[in-house]
Structure formats: C-alpha cells, structure tokens
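The values are calculated or read from the model by the stated rules, or taken from the named source; none is laboratory data. On a predicted model such as this, the values are computed, not experimentally measured, just so you know. Quick reminder, even Gly has a Cβ in these numbers, built from the backbone with ideal geometry, and neighbours come from all protein chains shown. Side chains included, ligands, DNA and RNA excluded: accessible areas come from the protein's heavy atoms. Shrake-Rupley method; radii C 1.70, N 1.55, O 1.52, S 1.80 Å.
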Amino acid sequence: MLTSGIYDYVNVLDKAADAAWQRNTAISNNIANQSTPGYKRQEVDFEGTLRRELSKFKYVSLDEKVSDLHLDHLNAAVYTDAEDYSYRIDKNNVDPEQEYGELISNRIKYNALVDCMTKEFQRTKSVIK
C-alpha cells in the first residue's frame, strides 16, 4: 500500500484487484465442488463494501472520498450465496455454466484492474522524467 496522496486511486484499484483474485478462487472452488452433495456456492462482495464506504462521505467530490477512505475497511466479504436455495436433489446450488461465465467475466475485470494500475504508474513515471 502506497501512502502518498497521488496513489489513492491505485490503492483502491489494488484492493479491487485483490478482491477479484479472491473471487477467482471462490469461483474455482465452486466449479471444483459442483458435484459435491450439499455444497453451497461461495461469492465475494467487494463492490458492496466499496459502495458502503464511499457512501459515508456525503456532498464531497470523488477525489475527496477516495483520499479519505480507510483502506483496511475495504476487505472483500466472502459469503454463501442463496444458502437456502437449491434446484438439485443433492442440495448443491452450483450451476457450472453460470460459474464458467462468472470466471471469464472476473478474469476480464482483474486484467482491466491490473492494466489501470500499470497505466497509472506509467503516467506518474512520465511526469517524473
């Protein structure tokens, strides 16, 4: 985590990339357990956590919100999705097709986050030169 104010957005992007990596792990576990009786799919919620943290600051610019965020509060929450729901006899609620779609979407998101951080560092590097 970088402590200078110019890296506030990079720090948030870093937390988002960590959450995307965590989500990738959860989705992979869901796929691996698609045939395990009674298994309930796991999901990661970073977006909700970020939304709640940003909503604590009313009537200020996004720059001010991001600079005032407590990064230790931006930890993604892992939860069991639709815990009481199962459309299968074995009480497993994993839909493999949905999981593969989520996995692809999440990988695209992760790559985009890493690209954004890389470009931000390149811009900072070009200013320093």
For a test of the definition: using alpha carbon positions, the gyration tensor, and the 1.5 limit on a/c, classify region 48-88 as rounded, prolate or oblate. prolate
Förster radius 22 Å - calculated FRET efficiency between residue 87 and residue 32 (Cβ-Cβ, nearest 0.05): 0.65
For Cα pairs less than 8 Å apart in space and 6+ apart in sequence, what is the mean separation divided by the residue count of the chain, i.e. the relative contact order in percent? 37
For region 115-129, take each phi angle, set θ = phi - 60°, evaluate the Karplus expression 6.51 cos²θ - 1.76 cosθ + 1.60, and give the result in whole Hz per residue in order, putting x for glycine and proline. 4, 4, 5, 4, 5, 5, 5, 5, 5, 5, 4, 5, 6, 5, 5
Residue with peak Gaussian network fluctuation, the chain [Cα springs, cutoff 10 Å], from 87, 79, 39: 87
25 Å Cα-Cα threshold exceeded, pairs from 15/65; 56/119; 15/125: 56/119
Kindly provide the helix-only [θ] at 222 nm of the chain, computed as the sum of -39,500 (n - 2.57) over DSSP H runs of four or more divided by all residues, to the nearest 500 deg cm²/dmol? -19500 deg cm²/dmol
How big is the chain in terms of Cα radius of gyration and Dmax, in angstroms? 18.0, 63
Residue 121 accessible area, assembled protein chains, probe 1.4 Å, Å²: 80
